[in-house]
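Everything on this sheet refers to the single structure shown next.
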Amino acid sequence: MRIAVTTLALGLAVLAAGCVPSFHPLYTEEDLVLDDRLVGLWGQDDDEDKWIFERSEGKAYRLIQIDDNGVGRLDVHIVQLGEHRFLDTFPAESDGSQNVMAALHSLPVHTLWKLTVEEDAVSMAVMNPTWLKEGIEKGTLQVKHEMLRVADDSGVVLTASTAELQAFVLKHADEEDAWGGPIKLKRILHDS
């Protein structure tokens, strides 16, 4: 019974989130990089939401995302794979106030983003769940996964090992359809 409830909860979270969760991280310690251009307060032109990236312990960052509904906290790692950079986000401990970002990351799974950082601009595009699901169903994409069916829909949860996940992400890093529309942030304040 507990497994069925957990699977249902994970399935609902996958479908609601519009993202692709992974049981394994995208990184090993050797793949992690620091880029302190990311540190600071960020926002979007058309939105009052705030994104705060802070340095954390080791080669890690903390993302605090604030919107009208509350605060979301994520542990963030920058992953360098070849010439590409990615973010691996994972839920951080919560103080109980949850916004949409926190709710979408409420289960202990990793979420993968393609990342571009410039001095005063950040672009983050989450892996496209529709592209992944359709590719798996057509047999054009091969990656270890579980297909969770909830009601009349289904979502993909990646179960590939870190090495397999890295190979898959690198193979599709330059495919526009593989990544959702990016969240584009502009620097509001640099935290030195």
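Run down 57, 48 and say which single residue is surrounded by fewer than 18 Cβ atoms within 10 Å (Cβ to Cβ) and free of Cβ contacts under 8 Å to residues at least 12 places away in the same chain.
Values: 48 fails: free of Cβ contacts under 8 Å to residues at least 12 places away in the same chain.
Being surrounded by fewer than 18 Cβ atoms within 10 Å (Cβ to Cβ) and free of Cβ contacts under 8 Å to residues at least 12 places away in the same chain holds for just one of 57, 48, which is 57.
Determine, yes or no, whether residue 176 is exposed (fewer than 14 other Cβ atoms within 10 Å of the Cβ), within 18 Å of the chain's Cα centre (by Cα) and without any contact (Cβ under 8 Å) to a residue 60 or more places away in the chain.
Yes.
So residue 42 fits all but one of (1) over 18 Å from residue 90 (Cβ atoms); (2) crowded, with 19+ Cβ neighbours inside 10 Å; (3) modelled with pLDDT under 90; what number is the exception?
Residue 42 satisfies all of (1) over 18 Å from residue 90 (Cβ atoms); (2) crowded, with 19+ Cβ neighbours inside 10 Å; (3) modelled with pLDDT under 90 except (3).
What number of residues within the stretch 25-40 are out of contact with any Asp or Glu (no Cβ under 7 Å at 6 or more places or on another chain) and part of a strand (DSSP E or B)? Can you show your working first?
As a first pass, look at the stretch 25-40 and keep what is out of contact with any Asp or Glu (no Cβ under 7 Å at 6 or more places or on another chain): 28-36, 38.
Now drop any that are not part of a strand (DSSP E or B), which leaves 32-33.
Result for the stretch 25-40: 2.
Just name the residue that is farthest from residue 117 (Cα to Cα) out of those in the stretch 60-78 that are surrounded by 15 or more Cβ atoms within 10 Å (Cβ to Cβ) and among the charged types (D, E, K, R). Steps first, please.
Filtering the stretch 60-78 down to residues surrounded by 15 or more Cβ atoms within 10 Å (Cβ to Cβ) leaves 60-67, 70-78.
Now drop any that are not among the charged types (D, E, K, R), which leaves 62, 67, 73, 75.
Values: 62: 16, 67: 22, 73: 20, 75: 18 Å.
So the residue we want is 67.
Failed condition for residue 162, given (1) touching a residue at least 40 places away in the same chain (Cβ under 8 Å); (2) crowded, with 19+ Cβ neighbours inside 10 Å, with all others met?
It is condition (2) that residue 162 fails.
The values are calculated or read from the model by the stated rules, or taken from the named source; none is laboratory data. As the structure is a computational prediction, the values presented were derived from the model and not from experiment. Counting neighbours? That spans all protein chains shown, and the Cβs are built from the backbone with ideal geometry, glycine included.
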